[in-house]
1. So what is the relative contact order for the chain, in percent, with contacts set as C-alpha pairs under 8 Å and at least six apart?
2. Apply the a/c threshold of 1.5 to the C-alpha gyration tensor of the range 24-98 and tell me whether it is rounded, prolate or oblate.
3. For residue 157 and residue 90, calculate 0.36 nm times their separation in residues minus their Cα-Cα distance, and state this gained length in nm to one decimal.
4. Kindly express, to the nearest 10 degrees and within the range 0 to 90, the angle between helix 155-165's C-alpha long axis and the longest C-alpha principal axis of the chain.
5. Whole number please: convex hull volume per residue of the Cα set in the range 101-255, in Å³?
6. Given R₀ = 35 Å, what would the calculated FRET efficiency be for residue 18 paired with residue 57, taking r from the Cβ atoms and rounding to 0.05?
7. Neighbouring Cβ atoms within 10 Å as the yardstick, rank 75, 149 fewest first.
8. Sort largest first and round to whole Å: the equivalent ellipsoid semi-axes of the range 100-166, each the square root of five times a Cα gyration tensor eigenvalue.
């Protein structure tokens, strides 16, 4: 098995109660059946009763209930999880334990990526030079830059073309802000097309490859973020937190229509 990990894998750390855009608010969190069994087997007390009362079933699936304001029933007032604080991370359902990781398997290759709906991931896309880590079997990890990934050949040209075609939108944006968006755009391109390529390959395609449809899908998503970025610049409300929230909210919308 050959493993690829998106660059944030070796530094990701949930910021829990300090998260500005919590994954425990506004989501319908699916609970796997094994976790439901574990929760029902807990000794009966006030803590376990709250867990059981916070579960509902629909269409043969289990979910955590949300309050009217969108907050998960398991989210305490200080934005920490009721289950994890009273038991352990191992007691979390698969959805909560894995998020924001996205795992794809295609033939003998696995990709561990991350969801840009998470503020920590969005922050990485804005501020870092993206890379991947590669490991074959149980060997040591090696850093691989996106331009060297076999399925990303030609993507650098696509990024340059995209930015050139959108130059008219950048006229009134200062160079500092523009460099922030350029870095994000490059990072997002490689990050997103890689996830899309693995997602399709995991469904049965013989090889991992980036198609023109994937390029167009990525460009459409960046368009949405670009227009929001320009609005933030024009209203003089562009901050790191505002850009992170824009990416998070946009990606949540993308997730409803694509992987």
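Read-outs: derived from the displayed coordinates by stated rules, not from any lab. Remember, it's a predicted structure, so these values are computed and weren't measured experimentally. Every residue, glycine among them, receives a Cβ derived from its backbone with ideal geometry; neighbour counts consider all protein chains shown.
1. Details: 325 pairs, mean separation 55.4, N = 259.
Result for the chain is 21 percent.
2. The shape class here is rounded.
3. Full-extension gain reported as 19.7 nm.
4. 70 degrees
5. Numbers: hull volume 17.3 nm³, N = 155.
It comes to 112 Å³ per residue, whole-number rounded.
6. Taking R0 as 35 Å, the efficiency between residue 18 and residue 57 is 0.60.
7. Ordered by Cβ neighbours within 10 Å, fewest first: 149, 75.
8. That gives 24, 18, 12 Å for the three semi-axes.
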